[in-house]
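Peer 1: Just dropping this structure here.
The values are calculated or read from the model by the stated rules, or taken from the named source; none is laboratory data. Just so it is clear, the structure is predicted and the values come from calculations on it, not from any experiment. Heads up, the Cβs are rebuilt from the backbone with ideal geometry, glycines too, and the neighbour counts pull from every protein chain shown. With ligands, DNA and RNA removed, areas are computed over all heavy atoms of the protein, side chains included. Shrake-Rupley method; radii C 1.70, N 1.55, O 1.52, S 1.80 Å.
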Amino acid sequence: MQDAIRFRQEHRGLMAIAPKLPVRDNHRLSLVYTPGVAAPCLAIAEDHLRSFDLTMRGNTVALVSDGSSVFGLGSVGPLAALPMLEAKAVVHKTLAGVDALPLVVNTQDVDALVETVRLLAPTFGGFHLDGIASPRCFEVEEKLRRAVPLPIFQASQHAAAVSVTAALLNALKIVEKALPDIRVVINGAGAAGVSIARLLKFMGVGDVKICDRYGLLHYDRSHNMNWLKAELARQTNKERLKGSLEDVLPGSDVFIGVSVAGRLTQEMIRTMGRDPIVMALALPEPEIHYDEAKAAGARVVVTSRGDFPNQAKTSLVYPGIFRGALDVRATDINASMLRGAAEAIAALVSQEQLNQGRVLPNPLESPVAARVAFATAEQAIATGVAQRNMPPKDVEQRVLSFMQHGEAAWIEPADPAITADSPVDEQAMDLRRCYQGVIVTQSSFQTLTDEIYDAIHSPPQAALPSQLIQAEPDRVYDLTAKSNLVAVITDGSAVLGLGNIGPAAGLPVMEGKSVLFKTFGGVEAFPICLRTQDVDEFVEAVKRIAPSFGGINLEDIAAPRCFEIEKRLIAETDIPIFHDDQHGTAIVTVAAVLNAVQAVGKQMNEVRVAVSGAGAAALSVSQLLLQCGIRDILICDRQGVIYQGREEGMNPFKESIAQVTNLTGFRGTLAQAMREADIFIGLSAPGMVTGEMVRSMAKDPIILAMANPKPEIMPDEARAAGAKIIATGRSDFPNQVNNCLAFPGLFRGVLDVRARLITDDLKLAAARAIAQLITEAELSRGIIIPGALDYRVPPAVAQAVAQAAIETGVARCPVPAEQVAASLKQFILEGSLASLVSGAVVSGAV
C-alpha cells in the first residue's frame, strides 16, 4: 500500500495528457495551433459529427462521479473519488486504448449532475458513470440517456452485471445447470443488485428474488420501499413471498451478494440446493470469505477481491464496451450489448481451462477487451444504435493492434495529395484526420501487472488514497493529477477570428492549446467545451467540475460575457482562473511595449497609446498598461473613442475602463485618436489602419497590429509609412505577440506554489520576465519579443510568477521559485518534471 502511495506522489497521480506529435518548429506549431487550426474548426462548424474524426473526441470518454459511493467507503466526496477514477482511466487506456478523463462533479443533486454532464457532451464520445449512490444513479443514467445521444455506462450497475453474468454462465457449466431452471437470490438492492437482476431476467433466468436489509422485496411491502424497489418487486418474486434472506435462500442455486460484509453464513449456504454457487461481492470485505464458503459446500465461489480466486473485475467489461461503442459511434449501450459482452467474456475461458477456481479470464493475460469490443460493436449494429458500420472484426483488430503497437496503431495513412507545399489549412486538416486530434491520455505505468492492478484498482489497497484524501482534502494534490492538471474551457462563442461557431467547433483550438501547455510548461491540460452560452449555466458547470483540476484556463468566450464569467469564478472557486484571451494577450503585449518603448528611447509615463478594439483582450491590455505607468490611453470601438458618459455601444466593462483612460474626455474616430500617438495597439479587425494614419503618429511610431489571421495593417505597409517598431500576431512576421509565451510558464508557476488566484502582480511579473530576455543588441535591431519557440521563456516566466505569488501572499505552497524554474528546465530538456518535494522524477513525455 505504501508503495502505491509513493508511486502516486512521484508521478503526480496515475495519468497524464500528452501531444500526439511533437512541436519542434514554427511550421508544426502553425498546423497544431494558429493559423492551421481554423480549418478543422470550420469543418466541424459545418458538420458537428466531424468532431469525432478531427479531434480526440471520437476516442474519449469522461469518467464521472459525485463521490457518493466509492470503494465501499460510502459518500467520501468528489475529491476522494479522484484516485478511483484515475485508476479506471489507466485501465481504459492500457487495455483498450480509450482516452478517459476523470471528472468529479461537486453536487449530489440529480438534475444538477445531469445538466453538468449534458453541457459537457460536445467534448466527449461517451460517459462512464461511477461511484454514484443508488437510487440516484438510476435517475442520472435514465435522464442522460434521454438527453445525450452518446453511450452512457454506469459501471457500478452495468460492469457488475456483465462480470457476474459471465461468471454465472461458466459456473453453470461446472454444476451442469441451465439459466431457465435456476433459482437466484440477490442480497442488496442498490445499483449493482438492480442491474444484475435486470440482466439476468433479460438472459432468461426465470426465478430471481432480491433482498435488502429489511428482507425480501415484494410488491405488497409498505415499508422501506422506493420507486426502484417497487419496479424490481413487480419484475421478480412473482409469488409475492415474504420473509428474510434466511427464509428465501433454502433450495436456491445461486447467491449473489452486493451488500455488506458477513451477511452470509456457512449454515445458510448448507441450506441451498445442490452444488450451490456463491458470489460474495461486497467491498472491501465480502458477505462471506472464499475459504469459508468453500468449506460450507459452495461448488463455485466468486468475489470482488484480488486476493481470492475468481475475482469479478469490472475491468473485464468497461474498456471493451467503450472500445466497441466508440468505434461504431453508438448512441446508447443497451441490454443486448451487455449480454454480448457477458457471453464474450465467458467464452474466453476454454473448456480445458474451466474449473471451480477459474470461471473468469484475467483481463491482463487474455484479449478480453478485444473480444468484448467485437461483441459490443456487433450488437450495436444489430440493434440499430450504431452510427458507423465498422465491421466488428475490424473493431477487434484495432484493439489487438493497439496492444502490439501502442498509439501508432491508431494513425491513419496520410493523404498522398497533401505535400509540404500544400496550403497550411490542407496540411492541418490531414494531420488531424490522420491522428484523430492532437492530444492523448497516458498512463504513468509502462506495464500494468496484476500487482499494480490490485494496488490501484482493487480494494482494500486501492481505497487507501481515497481514505487519506477524505481525512485530509489537501492530499489530493499529492496523490492525483490535480496538482498539474488544467482545464481549457470554452463555449465556442468567439473562436479565434471565426466568431460564434459553437462548442464542438472550438474543440480543435482547445486541443491545440493543450499541446502548448504540455510542450512549453509541462502542464497537463485537457479541453472542455460546454454546450451553453448562458453565464449562470456556464459558471455553475465549471464550479461543479473544478475539484478535478488545479486551474482553469478560459478561452474563446465572447465579451462582455467573458468578464462576468471570470469574475464570478475567481470569487466562487479556490483554484486559479485565467481568461487567456484577456490576460495572456495582455502579458505578452505589455512585454512587447516595455521593450518597444525602450528601443525608441521613450519613457512609459510619457507615451500616448491608441487601442483599436474594446473586447476582452483590448480592455485587459489597457488595464495592465495602466499598471505599468502609462496614463494616456485612448480605446476605440466601432463607435469611436470610448469616454465617460458615452451612451452608444457601451456596457459596464467599457464604462469601467472609461473612468481610468481618456482622462481628457477626447471624442473622435480611431484615425483622430492615432494623431501624435506613440503606440498603436490593434486587437480588432483587418484593414483598420492605413499608411496615412501611421504617418500622423508621433516620431518613431510603434505598431502592434495583432488582429488574426490578418492584421490591422500589414508590416510592409506600416514600415513604408514610417513605423519604427512593428509586431503582429502572426508567426510569419518578426515580433509575433504570441500568448504561448505567457500561459505555459504562468500556470507552471501558479500550480507549483498552489496559488489561490492570478493577480495583476503575477501578470506584470510574467510580462517583465519575457521582456528581460531581449538583449540590447536585439532591441537595436527592432526585436522586442522572444520567438514562440524560445525555450528560455517558460522557466523564466514560471520563476517570476512563483516568486511574485510568494511575495504577495497568494501562494499556499511556497516552493522556492528557483526550484520551479529548474523543474521546468528539466522537463524541456529531458521530458520529466522534478518533484519539488522529494527530488524524485515525475514521468511525462514531451
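Peer 1: Is the shape of the range 1-131 best called rounded, prolate or oblate, per the rule: a/c under 1.5 gives rounded, else a/b larger than b/c gives prolate, else oblate, with a ≥ b ≥ c the square roots of the Cα gyration tensor eigenvalues? Before the final figure, lay out each step's value.
Peer 2: On the way: a/c = 2.70, a/b = 1.46, b/c = 1.85.
It comes out oblate by the Cα gyration axes.
Peer 1: Note the full-extension length gain between ALA295 and SER780 as 0.36 nm times their separation in residues minus their Cα-Cα distance, in nm to one decimal. Provide the component values of the computation, followed by the final result.
Peer 2: Working: separation 485, 0.36 × 485 = 174.60 nm, distance 8.81 nm.
Length difference between fully extended and current span is 165.8 nm.
Peer 1: Shifting gears a bit: What whole number of Å gives the distance from the Cα centroid of the range 428-504 to the Cα centroid of the range 365-399?
Peer 2: 25
Peer 1: Now for a different question. Which percent, to the nearest 5, of DSSP beta bridges fully inside the range 129-259 are antiparallel?
Peer 2: 15
Peer 1: Here is a further query. Quick check on the range 109-237: take the gyration tensor over C-alpha atoms, sort the square-rooted eigenvalues as a ≥ b ≥ c, and tell me if it's rounded (a/c under 1.5), prolate or oblate.
Peer 2: Numbers: a/c = 2.76, a/b = 1.47, b/c = 1.88.
Oblate is the answer for the range 109-237, as a/c is 1.5 or above yet b/c matches or exceeds a/b.
Peer 1: Toward the positive end of the charge dipole of the chain, about the Cα centre and with charges on Cβ (Lys, Arg +1; Asp, Glu -1), which of ILE411, THR236, PHE322 goes farthest?
Peer 2: Farthest along the dipole direction, towards plus: THR236.
Peer 1: Leaving out ligands and nucleic acids, and using a 1.4 Å probe, what accessible area per residue does the chain come to in Å²?
Peer 2: On the way: 29590 Å² over 846 residues.
For the chain, the solvent-accessible area averages 35 Å² per residue.
Peer 1: Here's a follow-up. With a cut-off of at most 13 other beta carbons within 10 Å, and DSSP calling the residue loop, which GluC sites (Glu not before Pro) in the range 562-651 qualify? Please list them. Could you put the intermediate results ahead of the total?
Peer 2: Working: sites: GLU564, GLU566, GLU572, GLU606, GLU647, GLU648; in loops: GLU647, GLU648.
Sites meeting the loop and neighbour criteria: GLU647, GLU648.
Peer 1: Can you work out ³J(HN,Hα) from phi for every residue in the range 588-594, in order, using Karplus 6.51 cos²θ - 1.76 cosθ + 1.60 and θ = phi - 60°, giving whole Hz and x for Gly and Pro?
Peer 2: 6, 5, 5, 4, 5, 5, 3
Peer 1: If you don't mind, there's one more thing I want to ask. Using 0.36 nm per residue, how much length does the chain from SER835 to SER75 gain when fully extended, once their Cα-Cα distance is taken away?
Peer 2: 270.5 nm
Peer 1: OK, next. How much net charge surrounds PRO508 when only the other residues with a Cβ under 14 Å from the Cβ of PRO508 are counted, with Lys and Arg +1 and Asp and Glu -1?
Peer 2: Numbers: positive: LYS20, ARG50, ARG57, ARG432, ARG433, LYS513; negative: GLU46, ASP47, ASP53, ASP425, ASP430, GLU511, GLU555, ASP556.
Neighbour charge sum, excluding PRO508 itself: -2.
Peer 1: Please report the antiparallel percentage of DSSP beta bridges with both residues in the chain, rounded to the nearest 5. Display every interim value, and only then the final one.
Peer 2: Working: 15 of 77 bridges.
Antiparallel bridges: around 20 percent, rounded to the nearest 5.
Peer 1: Per 0.36 nm of contour for each residue apart, how much would the distance between ASP716 and TYR219 grow if the chain were fully extended, relative to their Cα-Cα spacing? List each step's numbers first, then the result.
Peer 2: Values: separation 497, 0.36 × 497 = 178.92 nm, distance 8.31 nm.
Between ASP716 and TYR219, full extension yields an extra 170.6 nm.
Peer 1: In the range 254-399, what percent of the accessible surface is made up of carbon and sulfur (1.4 Å probe, ligands and nucleic acids excluded)?
Peer 2: Details: 2420 of 5110 Å².
The computed percentage sits at 47.
Peer 1: Separate question: Take the cross-link list LYS518/LYS543; LYS567/LYS825; LYS313/LYS543; LYS177/LYS209 and give me the ones stretching past 22 Å between alpha-carbons.
Peer 2: LYS518/LYS543; LYS567/LYS825; LYS313/LYS543, as the Cα separations exceed 22 Å there.
Peer 1: A further question on this structure: If you line up the long axis of helix 160-175 against the longest principal axis of the chain, both from Cα atoms, how many degrees apart are they, to the nearest 10?
Peer 2: So the inclination is approximately 30 degrees.
Peer 1: With everything on Cα atoms, drop me the angle between helix 561-572 and the longest principal axis of the chain, reported from 0 to 90° to the nearest 10.
Peer 2: The two axes meet at around 60 degrees.
Peer 1: For ILE570, what is the net charge nearby, where nearby means another residue's Cβ is under 13 Å from its Cβ and Lys, Arg count +1, Asp, Glu -1? All intermediate terms of the calculation are to be shown ahead of the outcome.
Peer 2: On the way: positive: LYS543, LYS567, ARG568, ARG756; negative: GLU564, GLU566, GLU572, ASP574, ASP760.
That sum, taken over residues with Cβ under 13 Å, equals -1.
Peer 1: Now for a separate question. Please report the carbon-and-sulfur percent of the accessible area for the range 1-124; probe 1.4 Å, protein heavy atoms only, DNA, RNA and ligands left out.
Peer 2: Details: 1660 of 3490 Å².
Ligands and nucleic acids excluded, carbon and sulfur reach 47 percent.
Peer 1: Continuing with this model, one more query. Quick one: which of 760-770, 133-143, 324-334 comes out on top by average Cβ neighbours within 10 Å, and what's the full order, highest first?
Peer 2: Working: 760-770: 23.8, 133-143: 19.7, 324-334: 25.4.
Result, highest mean Cβ count within 10 Å first: 324-334, 760-770, 133-143.
Peer 1: Next question. Which net charge results for the neighbourhood of ASP394, defined as the other residues with beta-carbon distances under 12 angstrom from its beta-carbon, given Lys and Arg at +1 and Asp and Glu at -1? Present the calculation step by step, with values, prior to reporting the outcome.
Peer 2: On the way: positive: ARG323, ARG388, LYS393, ARG398; negative: ASP327, GLU378, GLU396.
Computed value for this residue: +1.
Peer 1: Going by amide H atoms built from the backbone, whose H comes under 5 Å of the H on ASP332, apart from near neighbours?
Peer 2: It is none; the list stays empty.
Peer 1: Under the classification rounded if a/c is under 1.5, otherwise prolate if a/b is larger than b/c and oblate if not, where does the range 648-798 fall, given a ≥ b ≥ c as square roots of the Cα gyration tensor eigenvalues? Before the final figure, lay out the partial values.
Peer 2: Working: a/c = 2.12, a/b = 1.29, b/c = 1.65.
Note, shape of the range 648-798 comes out oblate.
Peer 1: While we're on this one: Using alpha-carbon positions, what is the distance between the centroids of the range 186-228 and the range 681-724, in Å?
Peer 2: Taking the Cα centre of each part, the range 186-228 and the range 681-724 sit 74 Å apart.
Peer 1: Okay, next question. Which whole-Hz ³J(HN,Hα) couplings does the range 31-40 yield from phi under the Karplus relation 6.51 cos²θ - 1.76 cosθ + 1.60, θ = phi - 60°, glycine and proline marked x?
Peer 2: 7, 6, 10, 7, x, x, 5, 4, 5, x
Peer 1: Find which of VAL91, ILE186, GLY131 sits farthest along the positive direction of the dipole of the range 72-213, computed with +1 on the beta-carbon of Lys and Arg, -1 on that of Asp and Glu, about the Cα centre.
Peer 2: ILE186
Peer 1: With each run of n ≥ 4 DSSP H residues scored as -39500 (n - 2.57), what mean residue ellipticity at 222 nm is computed for the chain after dividing by its residue count and rounding to the nearest 500 deg cm²/dmol? Walk me through the numbers on the way to the answer.
Peer 2: Working: 35 runs with 361 residues, N = 846.
Mean residue ellipticity at 222 nm (helix-derived): -12500 deg cm²/dmol.
Peer 1: Here is a follow-up. Ranked highest first by the average count of other Cβ atoms within 10 Å around their residues, in what order do 227-234, 12-19 fall? If you can, show how the numbers build up before the last one.
Peer 2: Details: 227-234: 16.8, 12-19: 25.0.
Highest-to-lowest ranking by the protection proxy: 12-19, 227-234.
Peer 1: So what are the ³J(HN,Hα) numbers for the range 411-421, from phi and the Karplus equation (6.51, -1.76, 1.60; θ = phi - 60°), rounded to whole Hz, Gly and Pro as x?
Peer 2: Taking θ as phi minus 60°, the curve returns 6, 7, x, 6, 6, x, 6, 8, 10, 5, 8 Hz for the range 411-421.
Peer 1: What's the carbon and sulfur percent of the range 599-713's accessible surface, probe 1.4 angstrom, rounded to a whole number? Don't skip to the answer; put the middle values down first.
Peer 2: Numbers: 2230 of 4970 Å².
Summing carbon and sulfur atoms, their accessible area is 45 percent of the total for the range 599-713.
Peer 1: Something else about it: Listed highest first by mean packing, meaning other Cβ atoms within 10 Å per residue, what order do 515-526, 398-409 come in?
Peer 2: The densest-packed peptide leads the list: 515-526, 398-409.
Peer 1: Could you give the dipole magnitude of the range 1-115 about its Cα centre, charging the beta-carbon of Lys and Arg +1 and that of Asp and Glu -1, in debye to the nearest 20? Provide the component values of the computation, followed by the final result.
Peer 2: Details: 10 positive and 12 negative charges, 116 e Å.
So the dipole magnitude of the range 1-115 works out to roughly 560 debye.
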